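Trainee: I'd like to ask some things about the structure below.
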């Protein structure tokens, strides 16, 4: 978050729209809020963008966005869109490290290292970061198939050997 690249969004502020003037400072690093020194107004860094008031992860939204465009012929079918969303979600959970899931590992008495983790590592599903090739080549075992409930007259095709 670089406050030099931001400007005050307040319509009544005399410094509105001025970039790299030194009037914007970080108000809260955790909440990603800045303050304008001229008018005293606080605002989020995403104010005026498509990510303003977004509760989902912006990185995930940017990956799903191309799937929903009308210009792509494959994405106009619901099955293709659903498959694409599953692939993006799996890549997001198995292949990407997330800054918020890091673990602080103490080294010595005064130093520490950060251990990067994916959501799958954090939840205990895997012990390493997957590569995209590993994710796409993973074989999912078929689900258990149960014999359908018998209705009506017994079938001559199935015979009596299955019972």
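The values are calculated or read from the model by the stated rules, or taken from the named source; none is laboratory data. Small disclaimer: the values here were computed from a predicted structure and weren't measured. In this analysis, Cβ positions are derived from the backbone assuming ideal geometry, glycine residues included, and neighbour counts consider all displayed protein chains.
Trainee: Would you tally the residues in segment 60-90 being at pLDDT below 70 and over 14 Å from the mean Cα position of the chain (by Cα)?
Mentor: Of the residues in that region, 11 qualify.
Trainee: Quick one: which of 51, 97 is under 18 Å from the mean Cα position of the chain (by Cα), assigned to a loop (DSSP other than H, G, I, E, B), closer than 30 Å to residue 117 by Cβ and modelled with pLDDT under 70? Lay out the reasoning, then the answer.
Mentor: Details: 97 fails: modelled with pLDDT under 70.
Sole residue among the options that is under 18 Å from the mean Cα position of the chain (by Cα), assigned to a loop (DSSP other than H, G, I, E, B), closer than 30 Å to residue 117 by Cβ and modelled with pLDDT under 70: 51.
Trainee: For segment 136-155, does any single residue satisfy the condition of being surrounded by fewer than 10 Cβ atoms within 10 Å (Cβ to Cβ) and at positive phi?
Mentor: yes
Trainee: So which residues in segment 19-37 are touching a strand residue (DSSP E or B) at 6+ places or on another chain (Cβ under 7 Å) and outside any strand (DSSP E or B)? Break it down stepwise before answering.
Mentor: Restricting attention to segment 19-37, the residues satisfying the condition of being touching a strand residue (DSSP E or B) at 6+ places or on another chain (Cβ under 7 Å) are 23-27, 32-37.
Within segment 19-37, 23, 32, 37 meet the criteria.
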